[in-house]
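For reference, the structure discussed in these notes is given below.
The values are calculated or read from the model by the stated rules, or taken from the named source; none is laboratory data. In this text, all values refer to a predicted model and were calculated from it rather than measured experimentally. Glycine gets a Cβ as well: all are built from the backbone with ideal geometry, and neighbour counts include every protein chain shown. Ligands, DNA and RNA are excluded from the accessible area calculation, which covers all protein heavy atoms including side chains. Shrake-Rupley method; radii C 1.70, N 1.55, O 1.52, S 1.80 Å.
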Amino acid sequence: MFMYRIAMPWEVEWIIERIRAHGFEAFAVGGCVRDMILGREPGDWDITTSAEPARIKQIFTKTIDTGLKHGTVTVLKNHQGYEVTTYRIDGEYQDGRHPDSVEFTADLTEDLKRRDFTINAMAYSHETGVVDRFNGITDLYDRVIRCVGLAQDRFQEDALRILRAIRFSAQLGFSIEEATWQAVCELANSLSKVSKERVQTELTKLLLSAHPDKILLVEKAGLAEFVTDGFAEVFVRAREGAGEEPFGMLYRLPQEKSMRWAGFLRYMTPAESVKILKGLKLDNETIDNVRVMTGGFQSPIAPEKIEIRRMLSRMTPGQFEGILHLKAMDKDEDVHFIRKLWKEILADGDCVRMKDLAVSGGDLLAIGMQPGRGLGEALGFLFEQVIANPKLNQKELLLERLGEWR
Ligand code: ATP
Ligand code: MG
């Protein structure tokens, strides 16, 4: 038998060893085993064990009750947390992140059986090597996503798995095995039962992956209308705007949440983008970034410093940068030239923020202006002057200009 030896962090080895020393079984399991075989850096190391949570809490001094009902205790070692979960058999999943009921078991195979895909259903310890009951290694080599057991049943238990199949295919560049894909298509409408937060997490991971264009599979499988209101329209609009492969260049965008969502939504109006992202419960910062970036993408930028300063005064540098990234994908505006002008603006230290204006509200009060709305309007007027001509950003010059106001 071919034995992999997987290099695990010493903390994981230590945890597994201690559990074994108490007479129980313990393995690294799931995504970390998959990633190590593939030579990818695992996001986290999960441990599965025959010991029940109460025993884990006795064995380790520093633990957190992460999800006792579902068998999960976080063990702290070297300032890091490792999730240790008791072998379990899952009941029906409803809407939450976890099944409604779980049953602990002493059988590792039962625990592996409840997992979604063969490549995610492997366990590992130095003593046993890879425990691969469902031919996960073969599927890793064949580069396919395949359900553990009958795809229909597995998707009916938890419809989120439908989207996870597509997400993993995007992250790993794998195809989806025939029967699994058929079940994805057949059960597409059950995605509407899944909470929007869970759907969003998977879509965000998909867009941040190395193959974000696989988002097209969401449409192809007939899932789009069940994601959130207006989602199906995104594909239609993107094709109108950018042709048959509208997401083929998304992988070039920085791997950042707002950036990738903005790339996906760039042919929707800012208001439509906001509606979709709110529907998917994205955080306000991301929503705001996407709103500004989709808006900026759709309006041409005149290649002049005054226009660039005006834009910079209305958004963060990150948002402006994002707009240029989007434009570089499929607008024929001269992004290089705009960048060059932006660099000059930065090098010259031109004022593009109200706070950098050489005159403050205090200065205006000091020359006898009254507090109130007029004061704000006067500052706005001066700021406009400075955006148009940065050389004016000197106190005397600006106070002189004040005469022209009104
Ligand atoms: P990553 O952390 O890179 O997103 P992962 O494979 O670790 O990938 P997680 O969502 O962290 O994915 O889940 C850890 C493991 O738990 C999976 O590898 C899989 O075995 C199992 N799992 C997670 N979610 C489900 C689910 N909805 N149905 C069945 N098994 C699941
Ligand atoms: Mg994980």
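Segment Asp107..Gln156, full-extension length gain: 15.3 nm, with 0.36 nm per residue of separation and the alpha-carbon distance subtracted.
Rounded to the nearest 0.05, the FRET efficiency derived from the C-beta distance between Glu233 and Glu344 at R0 = 45 Å is 0.65. Taking all protein chains into account, the per residue accessible area for the chain stands at 48 Å² (1.4 Å probe). Among the listed pairs Lys69/Lys281; Lys69/Lys257; Lys275/Lys355, those whose Cα-Cα separation exceeds 28 Å are Lys69/Lys257; Lys275/Lys355. Rg of the Cα atoms in the chain, relative to 2.2 N^0.38 Å, amounts to 1.28. Rg and Dmax over the alpha-carbon atoms of the stretch 20-135 stand at 13.7, 38 Å.
Normalised by the number of residues in the stretch 1-138, the average gap of Cα pairs under 8 Å and 6 or more apart makes the relative contact order 23 percent. The magnitude of the dipole of the chain, with charges of +1 and -1 set on the Cβ of Lys/Arg and Asp/Glu and taken from the Cα centre, is near 740 debye.
The simple Förster model, with R0 at 41 Å and r as the Cβ-Cβ distance, assigns Glu17 and Ser175 a FRET efficiency of 0.60.
When only the Cβ of Lys, Arg, Asp and Glu is charged (+1, +1, -1, -1), the dipole of the stretch 354-404 relative to its Cα centre reaches about 100 debye. What shape does the stretch 85-211 take by its C-alpha gyration tensor, where a ≥ b ≥ c are the square roots of the eigenvalues and a/c under 1.5 counts as rounded, a/b above b/c as prolate, and the rest as oblate? Oblate, because a/c is 1.5 or more while a/b does not exceed b/c. In terms of packing, defined here as the mean over residues of other Cβ atoms within 10 angstrom, the peptides 201-207, 60-66 line up highest first as 201-207, 60-66. What number, in percent, do you get for the relative contact order of the stretch 187-283 if the mean sequence gap of Cα pairs under 8 Å and at least 6 apart is divided by its residue count? Relative contact order comes out at 36 percent. With the simple model of a label 7 Å out from the Cα in the direction of the Cβ, Lys205 to Ala302 spans 4.7 nm.
Once C-alpha pairs closer than 8 Å and six or more residues apart are averaged by separation and normalised to the residue number of the chain, the relative contact order reads 8 percent. When the charge dipole of the stretch 217-328 is built from unit charges on Cβ atoms (+1 for Lys and Arg, -1 for Asp and Glu) and taken about the Cα centre, the candidate among Val236, Phe247, Ala262 whose Cα reaches farthest toward its positive end is Ala262. Here's the list of aspartates and glutamates a cross-link from Lys305 could span, going by alpha-carbon distance under 16 Å and ignoring same-chain residues fewer than 8 apart: Glu321, Glu333, Asp334, Glu344, Asp348, Asp350, Glu384.
Please report the carbon-and-sulfur percent of the accessible area for the stretch 143-227; probe 1.4 Å, protein heavy atoms only, DNA, RNA and ligands left out. The value for the stretch 143-227 is 48 percent carbon and sulfur by accessible area. Classification of the stretch 143-227 by its C-alpha gyration tensor yields an oblate form. The axis ratio a/c (a ≥ b ≥ c) is 1.5 or more, and b/c is at least a/b. Sorting 18-26, 102-110 by their mean Cβ neighbour count within 10 Å, with the most densely packed peptide first, gives 18-26, 102-110.
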